[in-house]
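Structure first, commentary second.
The values are calculated or read from the model by the stated rules, or taken from the named source; none is laboratory data. None of these values were measured; they are calculated from a predicted model. Here the Cβ positions follow ideal geometry from the backbone for every residue, glycine too, while neighbour counts run over all protein chains shown.
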């Protein structure tokens, strides 16, 4: 059984002296994505939320356009990793045979197996207009994030991706040693619960690279907020995708780089029509 967190012995060196004890660290294992019996990708990641990861990866990679195209799923654990086995419907099964690639990537690699520049920087999906959000809402959402990061509280070594709505606050949060994996897991959780992502925001604890924007666009969220900074390419991609990109979120505020009209100083309604939308329950973590 692969556990997401393990306790390991270590010797502690401090100016006050030397001591020994246990440290909680995140596990990292090989996660093989397979479709109809063939390997598509092998990623290194945290061994939990397997279905969320498999479904979210399939959506963000464009392997499927809906999780309804996945006929079955099974996670099979081995000593040296986990196979996430999916079977696709007829037409999808044929197309995946043409696209299949065998790739082995480092932790949370977002571009493993990409064999052309154009594929690496392919345009992101264009998100719907979505709602607008106040300064206070964004600050409250980010403040809520940290206490829900169960694995990170133990290890201080994993990334998180979460989804927040005005009606329900954080409705889903997923963690992984790989930032791309965490966002894929979140995408899978939202897809299974059939959440309308157009009325909420994606929250990230990691650097905002172009792949993170592409995955957020695939989810359909109009706003993404991160504690870290974006790259220049990520900013250009967010602008083109219609996503409001806020980053460098700290206790005293944040910076907005694209589509600034969605962020207001004071109170706003839950969406452009002034209606709040409740969402189905998802296990937050």
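Values for this structure:
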{"quantity": "Residue satisfying all of: in segment 11-54; surrounded by fewer than 10 Cβ atoms within 10 Å (Cβ to Cβ) and touching a strand residue (DSSP E or B) at 6+ places or on another chain (Cβ under 7 Å); farthest from residue 192 (Cα to Cα) among these", "calculated": "18"}
{"quantity": "Unmet requirement for residue 115, which otherwise passes all of (1) assigned to a helix (DSSP H, G or I); (2) modelled with pLDDT under 65", "calculated": "(1)"}
